[in-house]
1. Hey, what did chain A get for relative contact order, percent, Cα under 8 Å, at least 6 apart?
2. With r defined as the distance between the Cβ atoms of B:Val169 and B:Arg192 and R0 fixed at 35 Å, what FRET efficiency is calculated, to the nearest 0.05?
3. To the nearest 10 degrees, how steeply does helix A:80-99 sit against the main Cα axis of chain A, on a 0 to 90 scale?
4. For each pair in B:Lys81/B:Lys470; A:Lys219/B:Lys393; B:Lys81/B:Lys220; B:Lys162/B:Lys220; A:Lys63/B:Lys393; A:Lys163/B:Lys365, compute the distance between the two Cα atoms and list the pairs where it is over 20 Å.
5. To test your reading of the geometry: what angle, between 0 and 90 degrees and rounded to tens, separates the Cα axis of helix A:272-291 from the longest principal axis of chain A?
6. Report, in order of residue number, the helices in chain B meeting two criteria: a C-alpha extent of 30 Å or more along the helix axis, and a mean Kyte-Doolittle hydropathy of at least -0.5; treat each whole DSSP H run as one helix.
7. Could you let me know the centre-to-centre spacing of the stretch A:211-288 and the stretch A:137-176, using Cα atoms, in angstrom?
8. For the protein assembly as shown, what does the accessible surface come to per residue with a 1.4 Å probe? Please give it in Å².
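The values are calculated or read from the model by the stated rules, or taken from the named source; none is laboratory data. Since the model is a prediction, treat every value here as computed from it, not as a measurement. Here Cβ is always computed from backbone atoms with ideal geometry, including for glycine, and neighbour counts include all displayed protein chains. What goes into the accessible areas is simple: the full protein's heavy atoms, side chains included, and nothing from ligands, DNA or RNA. Shrake-Rupley method; radii C 1.70, N 1.55, O 1.52, S 1.80 Å.
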Amino acid sequence: MAFPLLSLIVFVPAAGAAVVMLLRSDEAVRWAALGFTLLDVALAIAMLSGFNTGSSEMQFVEKHPWVPALSITFALGVDGISALFVFLTALLGSVSVLASWIAIDRKVKQFMVCLLAMQTLMLGVFTALDLFLFYVCWEAMLIPMYLIIGVWGGDGRVYAAFKFFLYTLAGSLLFLIGVIVLYFEGGRTFDILALMALDLPFDIQSWLFFAFLVAFAVKVPMVPLHTWLPDAHVQAPTAGSIILAGVLLKMGAYGFLRFSLPMLPEASVYYSTLMMALSALAIVYGGLLALAQDDLKKLVAYSSISHMGFVTLGIFALNPLGLQGSILQMFNHGVTTGALFLFVGLIYERTHSRSIADYGGLMKVAPVYTGFLALFVLSSMALPGTNAFVGELLVLSGGFAANLTLGAVAVLGALLSAAYLLGMYRKVALGPATVGARFKVRDVNGRELVAILPLAVFVLWVGFYPKPFLAIIDSSVTHLLQQVHDRGNGP
Amino acid sequence: MTAAALLASILVSLPEIIVIVGSSILLIGGQLLPKGKDALLVWASVAVVLLAALATFTLSGGAEPAYAGMFVADPFSIFFKSLFYLSILLTFLLSRNYADIEGIGGSEYYVLLLLALAGMMIMASATDLLSIYVGLELMVLCTYVLTGFLRRQQRSNEAALKYVILGAVSTGIFLYGVSLVYGLTGTTQLDRMAAAVGNDPLDQGLLLAVVFIVAGLVFKIGAVPFHMWVPDVYEGAPTTITAFMSVGPKAAGFAVILRVFLNPLVASSNVWIILAVIAVVTMALGSFVALVQDNFKRLLAYSSIAHAGFAILGIVAGGADGIASVMLYLLIYTFMNLGIFGAVIMMRNGNFSGEVIEDYSGFAKLHPGLALLMLLYLFSLAGIPPTAGFFAKFYVLVALVERGFVLLAVIAVLLSAVAAYFYIRIVMVMFMREPVRAFEPALTPLVGITLAVTAAGTIGIGLFPAWFLKLAQQSAFGG
């Protein structure tokens, strides 16, 4: 039997949760959580370095029977589409632990257990090769996330946690029925690869497409199913926001890539214009809402809706540029928006205010903080030389090739993002140092820098040299498009 | 009946005989027991159940008909009997301390539970409408008395009275259906009924008879439109009895329904439409009305109505998978529901009732471990993976979709999203509110064992459902 690297990656955080439960002091809990998440990062790097970029096959595959009577297996594997997310999830796991180091000061142990459990489930989602396993992980995440928002969140946390829980639950239940229908259509199998090879009649594809769409669109989130997101983000503790924006939102888009496109190719092609239109709507609408915000966290939350619109736009452009761009953009969004939430969290810890109006001239008081903030703001608005520029350029090229009008609408979103991000930065960082008079703000310390630096490295690395990242994605994207276009040419 | 056939029949029904003889001995012995030796009663009752279980498992094999076709010991009945043993054993463990606090100790309590168990066992094995009736009455008569066991409490008396009157009416309806069947076919045996009707499954008279029988049975599992007694009886009865009634007698009711409904005669008629409607309405009513409950026991009553509705969907699906899905559902429900009731019973201490949901404010802060356990049961009841409750629902949905009832499956999952709300509301109260007052749960070792067993079942079946699924599939008939 081969070395079970993926199982190890998935279960190291769970083991960490078990260990953390036994510890007594908060300090020990923090260090143990950090240790286990760092170990997970190391394992993820080992996985990436052993990854064969020339192949579109699933790699590091493991398969064990789980419920033989229903032919459910415990099957893991990664291809170019999931490999990057496994790494991203592991990376953001350590960042979240660092981000909650002092921000979480009560029930530290329980918090870290939730965080680590969350990590195992997220990694399970990205590596599952069995639809049942995928669904179990996908749905089980509701429990720790509900607690993270509801127990450690802000004043309106209970409402936000309920809303998050019920939206996602209601969305994914239809998906569950879809999964069971697929199981029978595929001749009683949950094997994802076998299901991809199915040739379903168009009406069934169509039905399944919408059942899946509800689940994935809630997670992305696409307008008009997005209203849970600002509430959840604003109320969640910093680590919760990082996980939400960095990983959770990716799962909806990942669902489109992993299930909708290859399993329902005809429906995906048929409804691609509709999906692109919804994406363009999300880009512009999210941007406009972000423009109107005074709350820092809300601004970043709405910008997420806009940015995730680019991701779904790229996916349903159904061409190589769009698809590559959207996968890369998902990774970028995880890094950049994760970082922005971290920055909001850092300043909130110091001042207990998230209102943009309370700030001004932060640069004079905290130069390192504002310097890095500038980098991530520029990355978020996709300035050349940063990661998002590469991704957004690819997505827009793909989008224009697929549909000129909708591509043009999406460009508007890029303009809007420059407006709200630069506006925010000007009000917060530049001008006379009014913030210093109001609050006592110290600059970032060493621990915080440790959390920020890797994210900054990825912003520039992808920005200047995206080749290794695109190489990981490339063969899988080609293979996926082949799957779609071979069988997807209209009903 | 020859002596040899009689002996064989007695052997097949040995577990029932053990329970009945054991309870009779306990009834007499309990009167002679000096005060303060109540613990002995618990252990004696447990011993009787274990003895019966032993007899059941040594008898296990193929289907053994007995008493001229009125009774059978087959894997199906053994599965249900095991489930009954499990639920009654856990009830005994929960009862000891609770009975002390409420002052309802005494041998009658345990004897009545044992007799109810005997009734349930007969129901699981009965293959004749008359033997079903005997088992059913034995069971419900005991639960009527147990419901009113808190003699000094008005609501307990009221609940018992309500239960007796409504129960008697439903029994009358059931018997009327039985007499119609006998009049039309000349038999009350389930397998001969089908043969007697021959090739006219849509006989109007027979359909009417079936409707009456349905009505009688549906009452026992608390499905709409015969659900009205459930919240009042659940609230009024001693909590241990509520816990027991929500799993044991309910499972017995389902055992009978499965036997009657998957009889070829009934299966070939269109009775599934009635059942589908009952299932959907039951789920909807249970879920929506539970949303506004403040009393934990009432909430669990409505939750159990909703769960009954979900399980009925498995009967609608029919076939071997459908039957197995109901059986697995009931097994899992036993674990998670006894778990949550165990937690509620544990709260009853001193002047603290633990019945109002608001009482649980900040429970997680005071008792993190116990709160985590309750969280487990609640999420399982809501059907969130990786708990067993998810797998129970999943398997019912699989059976439904297999038979092409996709729309029913969609309705079922949407209604369970509604139901999820009130379970996570309790989680919210426990984890996200500040404690109002401190209280010490009555966590005796026996209650601890119950919670440990139910927690192990709730998470264990969720993570490793394979063995239990196989057990249910092998015990289902009709495959």
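1. Relative contact order of chain A: 16 percent.
2. After rounding to 0.05, the efficiency reads 0.75.
3. 30
4. A:Lys219/B:Lys393; A:Lys63/B:Lys393; A:Lys163/B:Lys365
5. Roughly 10 degrees, rounded to the nearest 10.
6. B:38-59, B:75-102, B:154-185, B:239-261, B:296-317, B:319-347, B:406-432
7. When both Cα centres are located, 16 Å separates them.
8. For the protein assembly as shown, the per-residue accessible area is 32 Å².
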